[in-house]
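**Q** Below is one structure. I have some questions about it.
The values are calculated or read from the model by the stated rules, or taken from the named source; none is laboratory data. Since this is a predicted model, take the numbers as computed values, not measurements. Backbone-built Cβ (ideal geometry, glycine too); neighbour counts: all protein chains shown.
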Amino acid sequence: MSKIRLVIADDQTLMRDGLQTIINLEDDMEVVGLADNGEAALQLVRELRPDLVLMDVRMPIMDGIEATRLIVTELPETLIVVLTTFAEDQYIVDSLVNGAAGFLLKDMPADRIVQSIRDAMNGQLMMSGVIAGKLAARITALSSPPAKRSTSVKFKEGHTFTDREKQIIQLLIEGETNKEIAQTLFMSEGTVKNYVSIIYHKIGVNDRTKAILHLKDLME
């Protein structure tokens with residue numbers, strides 16, 4: 001029987017080495033590569049073509065969520081199980097949206113992690129109870145009627161914004177931070193930053209305070 005070939009990506013040496021030791025004790029598994037950041041993990045996957053990657057979220061150079069997206073896009077036959085200390089809603093959603101086959105917490109017992117690897121290889125979506133609860137709560141929130149944010153705000157002639165940009169503009173004017181806007185609109189903070197940059201570009205401003213004043217002035 002062929003072994004399950006794994007790459008472990010984690011910026012903590014103790015975590016990488018500990019997982020490697022635990023996994024290599026299993027007769028049906030072997031660790032074929034170790035990476036300390038997402039970019040290195042991507043390169044290893046390209047070279048080694050492992051069956052599965054245990055992927056940390058917070059890593060330098062490239063984080064685990066972006067590495068997951070790139071690996072799943074380029075090498076969809078490689079499974080990604082995200083392994084992290086942080087049971088934060090946005091990490092869960094971003095990881096799964098980007099194609100992760102599971103999301104496990106680092107404080108799980110070693111035998112549970114090992115069994116989760118086998119289950120993922122058998123096509124089961126792997127998720128701890130804490131993660132499943134948070135995901136269920138997020139799905140409920142997303143399926144509930146969204147907070148009413150007017151997209152009928154009108155601007156003076158010559159300035160056109162999409163409905164999503166109008167929602168973000170309204171929240172900007174209300175004084176919300178990018179993080180607060182992300183939570184209000186169920187978006188990642190990075191996506192909000194991109195929208196804010198587009199808005200700045202459209203009005204020719206690169207300062208938040210000036211942008212808010214300018215946007216207020218543009219409203220009819």
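**Q** Can you tell me which of Val153, Val196, Val205 is modelled with pLDDT of 85 or more, part of a loop (DSSP other than H, G, I, E, B) and at negative phi?
**A** Unique residue meeting the criteria: Val205.
**Q** Suppose we filter Thr78, Thr85, Thr73 for residues that are among the polar types (S, T, N, Q), touching a Lys or Arg at 6+ places or on another chain (Cβ under 9 Å), surrounded by fewer than 22 Cβ atoms within 10 Å (Cβ to Cβ) and within 22 Å of Gly190 (Cα to Cα); which single one remains?
**A** Thr85
**Q** Looking only at region 181-220, which residues are aromatic (Phe, Trp, Tyr) and more than 20 Å from Thr160 (Cα to Cα)?
**A** Matches in region 181-220: Phe186 only.
**Q** Within the bounds of region 99-114, is there any residue that is touching a Lys or Arg at 6+ places or on another chain (Cβ under 8 Å) and aromatic (Phe, Trp, Tyr)?
**A** Among the residues of region 99-114, not one is touching a Lys or Arg at 6+ places or on another chain (Cβ under 8 Å) and aromatic (Phe, Trp, Tyr), which makes the answer no.
**Q** What number of residues within region 48-60 are assigned to a loop (DSSP other than H, G, I, E, B) and closer than 12 Å to Leu75 by Cβ?
**A** Adding up the residues that qualify gives 3.
**Q** Can you find a residue in region 38-47 that is closer than 24 Å to Gln183 by Cα, assigned to a helix (DSSP H, G or I), assigned by TED's automatic domain parsing to the domain that holds Ala101 and under 15 Å from the mean Cα position of the chain (by Cα)?
**A** no
**Q** Return the residue satisfying two criteria in turn: it lies in region 172-183 and is buried (at least 18 other Cβ atoms within 10 Å of the Cβ) and of a type outside the set (Gly, Ala, Ser), and of such residues it is nearest to Met219 (Cα to Cα).
**A** Leu172
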